[in-house]
């Protein structure tokens, strides 16, 4: 899975916008959107929010968790705990990136938030690497990881699976059967 | 007598504080751990002057323009008072000073420090210092002897020492205190105090206060009380020296009469925080105290004995002989003073209050909440508000005149009655206070106007919610405009006049089509704009001269009129202008507001003539405006939203209590708009304040409306609330239509449908609860068609008595309806003036009758019936149209007429209603299933024979004869009806029907089924056939019997479905109604009864069974109110 595909999925998350135009309900396959009243918050998918934002048709209201204080708390908790802590949004990384890239002017303390989310991400990825490491060194058959987001799984998937495959190959080469073949 | 504890107020950030009065008692001076010294003009001062003296201030002393503070930079410094300019450093320690004291002449300052030293410094020459060494721990407190001889000090080493200052020697010491390592660890601050006469030294020791005698230094007595549960922190002497007050760590305050050793006063800190600073007002009436949370409190009216002593001492020449009236005047003066001071410095005052978000009571949009706060707290102390206010006013008197203590003492018994409330100031709705540097000047449904007034910029930002209206604007605000309103057309700004400049009104008419967008108007000198508003095509400004000046939006001066009182708020919407003003003086926290609602446009009139505005108890007006639909609405400071109920004689109905939605007591909702459909209260949630800050940009939230009905936890209550809310929030339809606006008929029908549904639900609920009388009451509110549903419900739940009564009710309603229609027709015939009034009345009643049938759609399953009925109803206008000869009337009505049609088409699913090709559909080539009654019936009856197919027309003219019922099988009848609409697709079936029908004509067919339906008379087709037989025969004389019938069938089919139904129903009504019924027996009973009784009175209940499609065969039950017209048309009645 490509990160861009994950991002695509993340764009289905809803976010509140304050439109500056007036439009009746829009009937789409994915569901009805609107009605859009100027000045009145309305929930729309991120893709639409960004589109409207780029056309300067709305202001985006940052999600509740996208707040420096809250993220700081999460970061502290993430650093304190050994396991993965629950994250406010399953697409926190993608949403942060999307919203901050396109609507930084609507988000208070955008830079701070960017740093905080990056910190959280780094902490979690480090944990992920660590657990992958212990998984491999202890030669466990299965492992369970809670509260991982799609993007996080996606970053480690190829690497972990490939390395496991190679290790399996290497190990099976060490098997007695294959050892015999070396004897020939 | 008990003293009054005034509510605590926020003074400093959390931490140690100290307090004192200046010599005259005019100012309260506090210092705190934020390093500031604040100078309060009484407890109610919202804008104390702040002097920064360091990072932290530990203690302060004040004497004649000298403010001595102990700050965290280890110094004891002097500032001038009250200006606050630094005036040098008195002395330094190696660590911070813990306490400072100044002697009564102000010549010496003593300070104790954390480095175990006590220093006594000459103020005039700081080099003359005396250092008192001997304490073995940080010094807690120092106290200078009034006679300048001794100095007492207490220390953390547990000792209290008395020093002879000149000799710098310790005279005596007592080891009475608990030892501790530092001031912060000490159990008590152990503030010592000398009696003003110097005779006694008071030392707080544990729970008691020990008194030591001068010179002998022996322990004289000990003052204690059970009330004090924790160590005493501070003691102070009253100015007269007779009383001693102590404040404890537990927040208890006690006052003793020292001679009698009697505790005369006990007060508890409202939150139980540690009292760490106390000061006695020089007049002896008040004690100010501060706590370790940085709050300042005041005990008022402490011990009158002392005060009166004071009085006799200090003010022997007071106005003892003044009579009560004079006192009253004096109080009024006080009030005026206060008001004046408030109006002079609102900016400063509020600036401070704005900084403290926690204390919501202190964030005044006007001066009022503060007063109210004190009122409320007074209730706790079971003191009447009158005296409280008198105190407050007297306090002001201290400030204004130099007559301390006289006014309160004398006026207390003088006047206990209600006290006038300061009038609330004029404001613009949805604006934040004008003193803020960044504020919302207006936030309405059009846009947001923000004002900036800081060092670099004085500007106004205008932003539109909908950028389609106009792009954002940035204006410089050189005139210092404070009042703004924004509409779709223009931006209106106004400023108050200054010394040089007169008050200005500036309008930026951005929607104009010419190039000059701006116009300004200067008001006459001395007349200031107080409130402005914009309507559609006009602007209004209320001025201090009690005038309302109207302008056109282009700047033409229009009407002007006088207001009965000073304006509070003014809003416009469309052609309506709503003004709230002071109609008098409110008492005890109430405002006395009046409201006027004016309507411009075609019919200029005053809708509300200055009636009182019903505010909540002890609240003031916080917001006023119109809903998006144009209904006046206002919000008071208690958060109650009230809407004008036009259908209830312009009464105000509370529709929402915003504070109920708040999580915390200090949260508020700042209303920005009200919408009736959809029902939305748009507001901004404000945490801990009454209004939002401009940054971060606040988001609008939507609150639902909820009328404060009883028992809303029960289903009954909920339904009632919903019903009345629906009624209230749809009042605007009638208003809009009466004032000539277009209204959304569909939404209106939807609304009335919803109301009828709710009524039906309530009816069902009442039925279930066996409340038949209540059922009747509910039925009276229903429309006639819904009553029939109710009848059905009642009968199916076997409530015969109820059903019978309902039947009568239905009849009455139908009669009424008929009466209306009749009247309307008469009116139309008689009064053909085509005047607007006439038209509007007609329109209204027309709308009423039209909406009525649609109400019947209370339940889905009855849709078809209603459909049917509606078609009947639509006949009515058709009828009218025919009877009308007046082109005026026709013209005026014609735009109205088409409205029911689209509704029909969109709303109903009726197989009959395949939109037919209109009139031509009657032609044989046309569709067999013809659609609209209007289309088919109207033309045909007007000009019979003109159309290609004469047969289809002639069916209108023939006289309907009640025929001798012939036995007829039910199956045939129904089969015919069922098949009729879809014959084209079922030819074979049709043939069969025709075959079966044939015997009807010639010899009476023997009964096929031997049931109760045997008595069934002719079907509609039969009747029709009989009527038209001659015609058919005339047209084609050589037809055989079967062919005649076939021909007739064809013609009959070309009739509209309604026509056929009418025919069927008429046949039912005039022959034997029972025959067409296939319902449960009880229905028959009731309906036959009705029909027997009332068929003459044109009311006909009929039930038939018909099939629209192959799968659906639904029972029909409809009140045929318009059958009469069939008769008229057919000339039978």
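Here are the numbers for this structure:
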{"quantity": "Potential lengthening between residue B:480 and residue B:125 on full extension [0.36 nm per residue; Cα-Cα distance subtracted]", "calculated": "122.8 nm"}
{"quantity": "Relative contact order (percent, whole number), region A:1-71, Cα cutoff 8 Å, 6+ residue spacing", "calculated": "34 percent"}
{"quantity": "Debye intensity ratio in log₁₀ form over the Cα atoms of region B:91-229, taken at each q of 0.10, 0.13, 0.14, 0.21 Å⁻¹", "calculated": "-0.29, -0.50, -0.58, -1.28"}
{"quantity": "For region A:101-141, alpha-carbon Rg relative to the globular expectation (2.2 N^0.38 Å, N residues)", "calculated": "1.81"}
{"quantity": "Residues in region B:189-205 reached by a label modelled at residue B:219 [backbone nitrogen below 11 Å; 7 Å Cα→Cβ]", "calculated": "B:205"}
{"quantity": "For region B:537-613, alpha-carbon Rg and Dmax in angstrom", "calculated": "12.9, 44"}
{"quantity": "Quotient of Cα Rg and 2.2 N^0.38 Å for region A:1-107, N being how many residues it contains", "calculated": "1.18"}
{"quantity": "Computed FRET value (nearest 0.05) for residue A:154 with residue B:517, which takes r as the C-beta separation and R₀ as 56 Å", "calculated": "0.50"}
{"quantity": "FRET efficiency, 1/(1 + (r/R0)^6) with R0 60 Å, evaluated for residue B:713 and residue B:823 via beta carbons", "calculated": "0.85"}
{"quantity": "Hydrodynamic radius of chain A per Kirkwood, over alpha carbon pairs, in Å", "calculated": "19.2 Å"}
{"quantity": "Inverse of mean 1/r across different Cα pairs in region B:61-144, Kirkwood, Å", "calculated": "12.4 Å"}
{"quantity": "Unit Cα scatterers, Debye sum, region B:1-69: log10 I(q)/I(0) for q = 0.12, 0.20 Å⁻¹", "calculated": "-0.30, -0.80"}
{"quantity": "Convex hull volume of region A:56-152 per residue (C-alpha atoms, cubic angstrom)", "calculated": "89 Å³"}
{"quantity": "For region A:1-42, the spread of Cα positions along each principal axis, largest first, Å", "calculated": "38, 20, 11"}
{"quantity": "Region A:119-172, Cα convex hull volume normalised per residue, Å³", "calculated": "74 Å³"}
{"quantity": "GNM flexibility winner over chain A from A:100, A:50, A:33 (Cα, springs under 10 Å)", "calculated": "A:33"}
{"quantity": "Over 14 Å [Cα-Cα, region A:16-64], rounded percent", "calculated": "44 percent"}
{"quantity": "Compactness of region B:693-791 - radius of gyration and Dmax, Cα, Å", "calculated": "17.5, 60"}
{"quantity": "Three principal axis lengths of region B:440-539 [C-alpha, angstrom, descending]", "calculated": "41, 33, 24"}
{"quantity": "Globularity index of region B:1-157, i.e. its alpha-carbon radius of gyration over 2.2 N^0.38 Å", "calculated": "1.02"}
{"quantity": "Full-stretch length increase - residue B:664, residue B:754 - with 0.36 nm per residue and alpha-carbon distance subtracted", "calculated": "28.9 nm"}
{"quantity": "Efficiency of FRET between residue A:168 and residue A:4 - r from beta-carbon atoms, R0 35 angstrom, step 0.05", "calculated": "0.70"}
{"quantity": "Estimated inter-spin distance, residue B:175 and residue B:455, nm [label 7 Å along Cα→Cβ]", "calculated": "5.9 nm"}
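Read-outs: derived from the displayed coordinates by stated rules, not from any lab. Because the structure is predicted, anything quoted here is derived from the model rather than measured. A quick note on method: Cβ atoms are made from the backbone with ideal geometry, for glycine too, and the neighbour counts reach across all protein chains shown.
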